[in-house]
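The values are calculated or read from the model by the stated rules, or taken from the named source; none is laboratory data. None of these values were measured; they are calculated from a predicted model. Methodologically, a virtual Cβ is constructed for each residue, glycine included, from the backbone with ideal geometry; neighbour enumeration extends over all protein chains shown.
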Amino acid sequence: MKKIIALLLCLVMVFALCACGGNPAPAESQQPAEGDAPTEQPAAAGSVYWLNFKPESDQTLQDLAKMYTEKTGVPVTVLTAASGTYNETLTAEMDKSVAPTLFVVGNQAAVDTWGDYCYDLTGTPIANELTTDAYNLYDADGRLCSIGYCYECYGIIVNKALLQQAGHSIDEITNFETLKAVAEDIHARAGELGFDAFTSSSMSSDSSWRFTGHLANLEYYYESVDDPEAWEQCPAEIKGTYMDNFKNLWDLYINNSAADPAALAAGGFDAATEFANGEAVFYSQGNWEWSGLQEKGMKAEDLTMIPYYCGVEGEEKAGLNCGTENCWAVNSEASDEDIQATLDFMYWCVTDPDASRMLVDTFGVMPYKQAAESTNPFLANANAYSAAGNYVMPWVTNFQPNVDAYREALVSAMNQYDADQSDANWELVRTAFVDGWAVQYQAANG
């Protein structure tokens, strides 16, 4: 039954991306009829104010804004929130007389908070350009509050060239048992090979999200497969059914690396540099790392990304963790002119060849019919798994309640376990993971 449900989830998350040569011009100031594509250049009425969620994309978006203003005369302002401060910045900016017209509502909790400020995007030209509904968010009344403008994937990045040097091949790794065998063999021979199995798993704030967010997703995801109705929204409590699987992978990470597990709490590690320097075969990360790895001299043909193999039955058909918190919403409180200007701008972003090329190069991929094709190899891996019939692991992590407090408690417990890998200390991790969910749900919801 688990395989059937997982395969159904896969069908929902199809990544059919098309790149077309044509590009209808944006709409004039009046809202087009449902299903109609814009056909005329916008008048220089209204303006766009985009509160950007992704700091790493700031320069590209500033260039994009300038290009659009030069083409149309419509002013476009981009303000980029500092990393980790988006919610606070959004709250402050929405309270100003000149508020964002384009902002991010990236999960159901954000819909609950900001839904009244979200213009219903149903039937708009930008929504009609989507290739999938998988990343769209609706309120209780069925209004389309926000739409995904890019999606991402994460898993375990593999240096295939190093793997081959160690006498192994990527084809050997099909589940946790085979991943464990390969990783432990490489770790045991690290001295002679000159590299280890896994990069460091630092638990400092610049790295711990890879484990308290990303790695934690495998537990939530498989619970959601068992009981999909319970996970249609944030559940008040979780069962922890797959905590042993979470432990399987975490133990593999920290015990097959050059880094001392007891030292992980202090941080000071740079896993990206370790990986780029050829110090380890496996690196737990996402597709956004590609540009940085490329800049460090790594080649796409030497890299691939594999799923979170953790010992779950049927995981030979697993795919990557795919999803997004990058969802555009239009401020319904803005003037009619600014709303239309914003819709026109969004449409141009995903249909103009030059604009979409710029955005895809910074975001990785955009799920729109006329957007430029992605050149990111890890997103190609995600698509290949899906095309082969493997199930996608959606980002169930987005449901984490009172997320900062929840993850802080999990980091603390994992640090104790890393320093002394006893059953008693693992029970602390289980308590923070499972009981902590219920505690933070109550804190967030009363």
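So the values come out like this:
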{"read-out": "Cβ pairs under 6 Å, 6+ apart, first in the range 311-322 and surrounded by fewer than 24 Cβ atoms within 10 Å (Cβ to Cβ), second among the β-branched types (Val, Ile, Thr)", "value": "Glu316/Thr174"}
{"read-out": "Test: residue in the range 59-77 that is of a type in the set (Asp, Glu), over 21 Å from Thr397 (Cβ atoms), in contact with a strand residue (DSSP E or B) (Cβ under 6 Å, 6 or more places away or on another chain) and surrounded by fewer than 20 Cβ atoms within 10 Å (Cβ to Cβ)", "value": "no"}
{"read-out": "The range 232-243, residues that are under 13 Å from Tyr441 (Cβ atoms) and either crowded, with 16+ Cβ neighbours inside 10 Å or in contact with a His (Cβ under 6 Å, 6 or more places away or on another chain) (or both)", "value": "Cys234, Pro235, Ile238"}
{"read-out": "Within the range 337-368, considering residues that are of a type in the set (Val, Ile, Thr) and modelled with pLDDT under 95, the one nearest to Thr131 (Cα to Cα)", "value": "Val365"}
{"read-out": "Checklist (1) among the charged types (D, E, K, R); (2) over 30 Å from Asp435 (Cα atoms); (3) more than 20 Å from the chain's Cα centre (by Cα) applied to Asp244, failing item", "value": "(2)"}
{"read-out": "Per-region count, the range 255-273, residues touching a Phe, Trp or Tyr at 6+ places or on another chain (Cβ under 8 Å), crowded, with 20+ Cβ neighbours inside 10 Å and not polar (S, T, N, Q)", "value": "2"}
{"read-out": "Hits in the range 361-395 (condition: among the hydroxyl-bearing types (Ser, Thr, Tyr), under 24 Å from Glu301 (Cβ atoms) and buried (at least 20 other Cβ atoms within 10 Å of the Cβ))", "value": "Ser374, Tyr385, Ser386"}
{"read-out": "Unique residue being in contact with a Ser or Thr (Cβ under 8 Å, 6 or more places away or on another chain) and surrounded by fewer than 22 Cβ atoms within 10 Å (Cβ to Cβ) when the list is Ala438, Ala443, Ala432, Ala413", "value": "Ala413"}
{"read-out": "Residue pairs meeting the criteria (Cβ under 6 Å; at least 6 apart or on separate chains; first within 16 Å of Tyr347 (Cβ to Cβ), in the range 69-90; second of a type in the set (Ser, Thr, Tyr) and surrounded by fewer than 18 Cβ atoms within 10 Å (Cβ to Cβ))", "value": "Val76/Thr69"}
{"read-out": "Residues of the range 202-227 satisfying the condition of being among the hydrophobic types (A, V, I, L, M, F, W, C), crowded, with 18+ Cβ neighbours inside 10 Å and in a helix (DSSP H, G or I)", "value": "Phe211, Leu215, Leu218, Val225"}
{"read-out": "Residue pairs meeting the criteria (Cβ under 7 Å; at least 6 apart or on separate chains; first more than 11 Å from Leu163 (Cβ to Cβ) and in contact (Cβ under 8 Å) with a residue 24 or more places away in the chain, in the range 182-196; second among the hydrophobic types (A, V, I, L, M, F, W, C) and not in a helix (DSSP H, G or I))", "value": "His187/Ala197; Ala190/Ala258; Asp196/Ala258; Asp196/Ala280"}
{"read-out": "Helices (runs of 4 or more DSSP H) within the range 316-398 that include 1 or more residues acidic (Asp, Glu) and on the phi < 0 side of the Ramachandran plot", "value": "336-351, 353-363"}
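So that you can scan it fast, the table gives a plain yes or no per residue for (1) at pLDDT 95 or above; (2) within 22 Å of Ser335 (Cα to Cα); (3) more than 20 Å from the chain's Cα centre (by Cα):
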{"residue": "Thr101", "(1), (2), (3)": "yes, yes, yes"}
{"residue": "Ala109", "(1), (2), (3)": "no, no, no"}
{"residue": "Thr113", "(1), (2), (3)": "no, yes, yes"}
{"residue": "Ala134", "(1), (2), (3)": "no, no, no"}
{"residue": "Arg143", "(1), (2), (3)": "yes, yes, yes"}
{"residue": "Gly155", "(1), (2), (3)": "yes, no, no"}
{"residue": "Gln165", "(1), (2), (3)": "yes, no, yes"}
